[in-house]
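Presented below is the structure to which this report refers.
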Amino acid sequence: MPLMPCRVSMEHAELGEELLLLNFEHQPADTPYRATHAIYVRKVAEQAFEVVDIVPEILASRLLAVRAFDAQHMMIDAEVCEGIEASEIFERFLENPQASYLQVHNARRGCYAARVVRA
């Protein structure tokens, strides 16, 4: 049985835990990359995951598509990687002064996973 990732707490839901399947606009800018996608949220999730220099296990355990965007919300770089390599990709992309933020998607199902910004 697949583990369902909560996009708020960035934790896997427990077996039998109630989840909400929602549509989330993760790329709202008026560009060709404007996008929404389905996300899971644990019904008991109360606080958004916000940490520095930590790749949560729900990302580290998956194949990821990482996309770098500039201040005009245009994609400037992209890479597919195993989640255990994500921190290296995040660092490399954010070293580019043109990169404003990163979008992370699960590569296999394509679902939106996370936004990464400089600390």
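Taken together, the values in this text are just the output of simple stated rules run on the coordinates, not laboratory data. The structure presented is a predicted model; accordingly, all values stated were derived computationally and were not measured. So basically every Cβ, Gly included, is an ideal-geometry build from the backbone, and we count neighbours across all protein chains shown.
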- Enter the angle in degrees (range 0 to 90, nearest 10) between the Cα long axis of helix 86-95 and the first principal axis of the Cα atoms of the chain, meaning the one along which they spread out most. 30
- Task: Using the charge dipole of the chain (Lys, Arg: +1 at Cβ; Asp, Glu: -1 at Cβ; taken about the Cα centre), state which of A60, S87, L19 has its Cα farthest towards the positive end.
- Result: L19
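If the only charges are +1 at each Lys and Arg Cβ and -1 at each Asp and Glu Cβ, what is the size of the charge dipole of the chain around the Cα centre, to the nearest 20 debye?
On the way: 11 positive and 18 negative charges, 80 e Å.
Taking the Cα centre of the chain as origin, the dipole is about 380 debye.
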- With r defined as the distance between the Cβ atoms of L22 and E88 and R0 fixed at 41 Å, what FRET efficiency is calculated, to the nearest 0.05? 0.85
